[in-house]
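Below is one structure, written out as structure tokens; the observations come after it.
The values are calculated or read from the model by the stated rules, or taken from the named source; none is laboratory data. Bear in mind the structure is a predicted one, so any value in this text is a computation, not a measurement. Note that we place each Cβ from the backbone using ideal geometry, even for glycine, and neighbour counts take in every protein chain shown. What goes into the accessible areas is simple: the full protein's heavy atoms, side chains included, and nothing from ligands, DNA or RNA. Shrake-Rupley method; radii C 1.70, N 1.55, O 1.52, S 1.80 Å.
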Amino acid sequence: MIELKSYLQNTWISGKGKAATLVNPSTEEAVATVSTEGLDFKGALAYARETGGKNLRKMNFKERGEMVKAMSQAIHAHRDELIKLAIMNGGNTRSDAKFDIDGASGTLAAYAELAATLGDKSHLVDEAGIQLGRSARLFGVHIWVPREGVAVHVNAFNFPAWGLAEKAAVALLAGVPVVTKPATSTGVVAHRIVEILVEGKMLPEGALSFVAGSAGDLLDHVGGQDMLAFTGAGSTGAMLRGGKSAREHSIRVNVEADSLNAAVLGPDADEDGELTNLFIGDVVRDMTQKTGQKCTAIRRIYVPKEKVEAVIEKLKERLSDVKVGDPSHESVTMGPVATKQQLDDVRAGIGKLAACSKIVHGGVDPIEPLGGTKGKGFFVAPTLLHCAAPSPSDAVHNHEVFGPVATIMPYDGSAKDAARLVASGGGGLVSSIYADDKSFVKEAVLAIAPFHGRVTIGSTKIVGQSVPPGTVLPQLVHGGPGRAGSGEELGGKRGLAFYMQRTAIQGDRALIESFL
Ligand code: NAP
């Protein structure tokens, strides 16, 4: 059994008191213990700010980019070992684990590439300056400088590798030290990644700290230069945003929360054409990849009413091929959900959705896992529901079931009706439109864009090269309004803004330009 330690003030340290036990979600066997009781989080944050912040601000973008690149390479070099841990503690299939781990090294590599374009300074200039008076001499410009606080990163259980890396890449490149905390239940992968980075000595002292286990009083010690980036349930995000220290010091908070992502099949898609195939493939991938525990997974499927029955048949056929079981067996294509709590929540959630829908595939009954032990493990069948007369007040538009579950619904074939239904999800991370008809695509995209951080368009010409909506790209922003938390991460250079202070500088142009 592994004992997960925290890495604080340059030291690996365990908490005292009762430890939490982490399990293998396929077998329910204990795999690790963890405790943060009694750890000095106040001291840890001060150390990160003072030692890590100073060290990072001595480096320019080029040097920080090299550091981020070395982190990417180190994670990649340990890929096989990390995949095994993700199978054991996350219930991931090999392919799910690669999605998380390669996503981590890929995002770090993308930020290393970005750094190479930012030069050898440690501040950024925001757009061209402007003349402020009658003569050209009086001048104003905005610059970005690293904030002198610490970035506290609190992550969800579903992406222990990517969650750590996508946030750390941006903060570290901006010149801000990181204290990162994975969800307790699946913390083994994140713990090993931090061990690898510490062993490799690729970060300056104090730049990266790690909390294994519960956050304790960590957030009681944040100050006015600090930032909190949180990913998880909307209710937890709201609580952390409203925390006493966060409010009193007006700290920056970014929340990535729940999302009822939608996929819309356009009226012009032929039933057996490439576009419908792309749509079906993306829906099934999103329902089953990481057992549907993906914040970007498609939860709502809108299809022109005359095509609903045919699409249900196609989805049922594809879902019947899914092999649910212990992912340490090669033939398994979908593992368990991560925890007993998740299993209970998914079953209860299917019950809620069924109040306005009919289960057409799967359901809440226990299943016998392939390669597993009967009665053990947190397994649930991929489940498709059909809601024949959707209304914005239905649970399907208000309740996220964080598992392999989606609901298919009709719309009248117009972009207006599709957008009305999609928007009733209350704000999401990503929704997708599958159509070639330019006027349908334009009307639908512009109508749903205010409610989303990202809109994906699937069309015939990009079949074979499109990136599925569930994949978050470092070049594009990740986040969404309303239910999704109103946060924004990544987006290339845009992501740096959260960790830097934009300051207006006004005065003599020649003097200002001497240091820009
Ligand atoms: P969660 O229960 O909200 O936990 C998220 C994180 O918050 C965990 O690290 C948890 O730590 C921590 N936490 C909980 N209470 C805390 C407190 N009082 N102080 C400090 N930290 C605290 O969410 P989850 O079950 O892990 O994740 C599932 C949810 O995340 C889903 O709703 C999903 O939609 C959302 N999600 C969103 C995104 C996105 O990018 N928008 C990505 C992934 C998931 P412990 O584990 O130690 O309790």
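Side notes on the structure shown:
- Filtered residues of the range 417-446 (kept if more than 15 Å from residue 390 (Cβ to Cβ) and either open to solvent by 40 Å² or more (accessible area, probe 1.4 Å) or not assigned by TED's automatic domain parsing to the domain that holds residue 356 (or both)): 436, 437, 438, 439, 442, 443, 446
- Which listed residue is touching a residue at least 12 places away in the same chain (Cβ under 8 Å) and surrounded by 15 or more Cβ atoms within 10 Å (Cβ to Cβ), from 479, 507: 479
- Positions within the range 441-470 being modelled with pLDDT of 95 or more and within 13 Å of the ligand (Cβ to nearest atom), in sequence order: 452, 453, 454
- Criterion: more than 30 Å from residue 58 (Cβ to Cβ) and either outside the structural domain of residue 65 (by TED's automatic domain parsing) or within 15 Å of the ligand (Cβ to nearest atom) (or both) - qualifying residue of 212, 229, 233: 233
- Filtered by the rule that a residue be within 16 Å of the ligand (Cβ to nearest atom) and either open to solvent by less than 30 Å² (accessible area, probe 1.4 Å) or part of a loop (DSSP other than H, G, I, E, B) (or both), the range 250-273 gives 251, 254, 255, 256, 257, 258, 259, 260, 261, 262.
- Taken as a whole, the condition of being open to solvent by 40 Å² or more (accessible area, probe 1.4 Å), under 23 Å from the mean Cα position of the chain (by Cα) and assigned by TED's automatic domain parsing to the domain that holds residue 175 does not apply to residue 42.
- Taken residue by residue, the range 67-76 has no member that is farther than 20 Å from residue 158 by Cβ, free of Cβ contacts under 8 Å to residues at least 60 places away in the same chain, of a type outside the set (Ser, Thr, Tyr) and touching a strand residue (DSSP E or B) at 6+ places or on another chain (Cβ under 9 Å).
- Residue match in the range 166-179 (condition: basic (Lys, Arg), out of contact with any Leu (no Cβ under 8 Å at 6 or more places or on another chain) and buried (at least 24 other Cβ atoms within 10 Å of the Cβ)): yes
- The range 484-503, subset part of a helix (DSSP H, G or I) and surrounded by fewer than 20 Cβ atoms within 10 Å (Cβ to Cβ), residue farthest from the ligand (Cβ to nearest atom): 493
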